[in-house]
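Novice: Questions regarding the structure given below will be posed in turn.
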Amino acid sequence: MLKRFLLLNGLATIGVVMNHAAGWGYTALLWFTFGEWGDVNFTLVGSPSYFGLRFIEQLIAFSIAAFLVVSGFFIAFAARRSATVSWGTVRSRIVYLIVPYLLWSVAIFLFDFVQGERYTPRQYVVRLLTGGVTDGYYYVPMLCQMFLLSPLLVRLARWNWRVLLAGTAVILLTVQSITYLEIMGTAVPAWLTFWTQAWLFPSNLLWFTLGIIVGFNLTAFKEWIRRWRWLWLGTAILLLPLGVLEWEYWQAVSGEPFLPTRLTLLDTLYAAAIIFTWLAFENFIPPRAQNLNDLGTKSYGVYLANSPVLDVTARLIAVVLPFVMLHQILLQPILWVAGLGIPLLLMAIIGNERSPVRTYYKYIFG
Amino acid sequence: MDTSDILMEYIKQNLLKGRATTLSKSDDLLDSGILNSLGILQVVAFIDERFGFQVPDEDVVYENFNSVEAISTYLAQHQ
């Protein structure tokens, strides 16, 4: 089953690129509606292109959960037979996450600066600490928090994993309930909404914890997911369209013409169903499995590099080929190829044996 | 090349990526920060590919994978 983790990581890497590309798709739909940048326009909300983007977002809603399960599993491995994971391991993991993150963040700040964007020193610090530098960077501070919590999580998992799993599920349900209340227009105290932010651990702690628990109970977990494998598959297939419809419902309830998607209860169930399906059907080998494996090993580098690459690519397309921005069926595949291909190319060049900067590969791509 | 040399070379090429770290066969791969969540999965996949031995999931534990020496010993006992 563990070999499936690497493939799952590869799938999740494709998923995050597609998710960021869909973000640019919405930008094009809403702010490039008439072939040039303009005021926000909701004419295309509800169009086939809009639902195409929503479908993509829903399809890959398991990606972050998958990354976190794999990271959690590693913590179980690293905890050995000791009571908990050592601070040395935690420190080492955080250092190897933060160094490439800082490097890419500074590069993006410089790019923004050249484009005339100015921030106060406090804003720079806040953006770094919250992963607000660009789309998707929230994941890094959030994962660092998971690693910092891991000594406690390991102790709890060894004490009573059922209680721990239930506790993290309750935390997630609370976060999602607050999201639902906000959508419905209910006044929620600011101190509560603060904890629902994506860069903070509560909204994703369940997945990291699940990875640790799986690591400690591997044989039992394998038997359990295999026994119910058709249920996971059926649930995943059912929840894919239901997740799209759910957000349409909440968008209608909110009274807003457009609501950027947030993770909901159905998304969580869908992510679990996809991950369990993938791990349970061990005999299913996807096409190009070796490439997917290789991609899985490069997930952090692609994760960091794809956002700025997509920013530049989409802005270039808007200038050079503006008509492409109007057709998601053209724009999305171009962004997928650029978002995956350019980071992989950079990694191949820098990681090449003859590259003079190969020594720095780990600090650039993790 | 024996098993440990092959593993050493693989780790240097694919996990260290040219990083100027001196690595001996008994060094702890976890404490030195060489092995992460993907690194351990990579090594398991490499063993399957290179030595044709599928490591059972239950054997992917720290005791068997903490160093090049430990992995070689594990492989010698199970292959």
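Novice: Which order do the peptides A:56-63, A:348-355 take when ranked by the mean count of other beta-carbon atoms within 10 Å per residue, highest first?
Specialist: Numbers: A:56-63: 22.2, A:348-355: 13.0.
The packing order, highest mean first, is A:56-63, A:348-355.
Novice: Would you please classify the overall shape of the range A:33-104 from the alpha carbon gyration tensor, given that a ≥ b ≥ c denote the square roots of the eigenvalues, rounded means a/c under 1.5, and beyond that prolate means a/b larger than b/c while oblate covers the rest? Could the numbers behind the result be given before it?
Specialist: Numbers: a/c = 6.16, a/b = 2.40, b/c = 2.57.
Cα axes put the range A:33-104 in the oblate bin.
Novice: Helices from chain A with mean Kyte-Doolittle at least -1.0 and a Cα length along the axis of 20 Å or more, per DSSP H: which?
Specialist: Values: long enough: A:2-31 (44 Å, 0.89); A:63-78 (23 Å, 2.35); A:87-114 (40 Å, 1.38); A:139-183 (37 Å, 1.15); A:229-254 (36 Å, 0.74); A:265-280 (22 Å, 1.69); A:299-320 (30 Å, 1.09); A:328-351 (33 Å, 1.94).
Helix filter hits for chain A: A:2-31, A:63-78, A:87-114, A:139-183, A:229-254, A:265-280, A:299-320, A:328-351.
Novice: Same structure, new question: On the principal axes of its Cα set, how long, how wide and how thick is chain B? Give whole Å, largest value first.
Specialist: 32, 26, 20
Novice: Let me ask you something else. Using a cut-off of 10 Å between beta-carbons, work out the net charge of the residues near A:Lys362 (Lys and Arg +1, Asp and Glu -1, A:Lys362 not included). Could you put the intermediate results ahead of the total?
Specialist: On the way: positive: A:Arg358, B:Lys17, B:Arg19; negative: none.
My count for the surroundings of A:Lys362 gives +3.
Novice: Using r as the Cβ-Cβ distance of B:Lys25 and A:Tyr249, and R0 as 56 Å, what FRET efficiency do you calculate, to the nearest 0.05?
Specialist: Numbers: r = 59 Å, r/R0 = 1.06.
Computed FRET efficiency for B:Lys25 and A:Tyr249: 0.40.
Novice: For q = 0.10 Å⁻¹, what log10 I(q)/I(0) does the range A:68-218 give under the Debye formula with an equal point scatterer on each alpha carbon and no solvent?
Specialist: Those come out to -0.43, one per q.
Novice: Moving on to the next point. Where q = 0.08, 0.11 Å⁻¹, what log10 of I(q)/I(0) comes from the Debye formula for the range A:215-366, counting one point per Cα?
Specialist: Values returned for q = 0.08, 0.11 Å⁻¹ are -0.38, -0.72.
Novice: Of the lysine pairs in the protein assembly as shown, how many meet both conditions: Cα atoms under 18 Å apart, and a spacing of 8 or more in sequence or different chains?
Specialist: Count of close lysine pairs: 9.
Novice: Could I ask something else about it? Using label points projected 7 Å from each Cα along Cα→Cβ, tell me how many nm separate A:Glu117 and A:Ile94, to one decimal.
Specialist: 2.7 nm
Novice: Count charges around A:Phe281 for me, please; just the other residues with Cβ under 11 Å from its Cβ, Lys/Arg as +1, Asp/Glu as -1.
Specialist: Numbers: positive: A:Arg4, A:Arg226, A:Arg229; negative: A:Glu282.
Here the count lands on +2.
Novice: Let's test the formula: R0 of 22 Å, r as the Cβ-Cβ distance of A:Arg229 and A:Ile285. What FRET efficiency results, to the nearest 0.05? Can you show the working numbers first?
Specialist: Values: r = 16 Å, r/R0 = 0.71.
Computed FRET efficiency for A:Arg229 and A:Ile285 comes out at 0.90.
Novice: I'd like the FRET efficiency for A:Ser47 and A:Thr359, computed as 1/(1 + (r/R0)^6) with the beta carbon distance as r and R0 of 60 Å, rounded to 0.05.
Specialist: According to the calculation, E is roughly 0.75.
Novice: Shielding of A:66-79 by partners, i.e. mean partner chain Cβ atoms within 10 Å per residue? List each step's numbers first, then the result.
Specialist: Details: counts 0, 1, 0, 1, 5, 3, 1, 4, 8, 1, 2, 10, 8, 1.
Average neighbour count from other chains, rounded to a whole number: 3.
Novice: Calculate how steeply helix B:68-78 sits against the longest principal axis of the alpha-carbon atoms of chain B, using the helix alpha-carbon long axis, and give the answer as 0 to 90 degrees to the nearest 10.
Specialist: Taking Cα atoms only, the helix is inclined about 10 degrees.
Novice: Give me the net charge of B:Thr73's neighbourhood, meaning all other residues with Cβ under 11 Å from the Cβ of B:Thr73; Lys, Arg count +1, Asp, Glu -1. Display every interim value, and only then the final one.
Specialist: Values: positive: B:Lys25; negative: B:Glu63, B:Glu69.
Neighbour charge sum, excluding B:Thr73 itself: -1.
Novice: Follow-up question, since we're still on this one. Give the Rg (one decimal place) followed by the Dmax (whole number) of the range A:310-366, computed from C-alpha coordinates and expressed in Å.
Specialist: Considering the range A:310-366 through its Cα atoms, Rg and Dmax are 14.9, 43 Å.
Novice: To the nearest 20 Debye, how big is the dipole of the range A:41-199 about its Cα centre, given +1 on the beta carbon of each Lys and Arg and -1 on that of each Asp and Glu? Write down the numbers at each step before the final one.
Specialist: Working: 11 positive and 5 negative charges, 162 e Å.
In total the dipole reaches around 780 debye.
Novice: Please arrange A:Trp228, A:Trp278, A:Trp87 by how many other C-beta atoms lie within 10 Å of their C-beta, fewest to most. The partial results should precede the final answer.
Specialist: Details: A:Trp228 15, A:Trp278 24, A:Trp87 11.
Listing A:Trp228, A:Trp278, A:Trp87 from fewest to most nearby Cβ atoms yields A:Trp87, A:Trp228, A:Trp278.
Novice: Could you give the alpha-carbon Rg of the protein assembly as shown over 2.2 N^0.38 Å, rounded to two decimals?
Specialist: 0.99
Read the figures in this text as sums done on the coordinates, not as results from a lab. Since the structure is predicted, the reported quantities are computational estimates derived from the model, not experimental observations. FYI the Cβ positions are ideal-geometry reconstructions off the backbone, even for glycines, and counts take in every protein chain you see.
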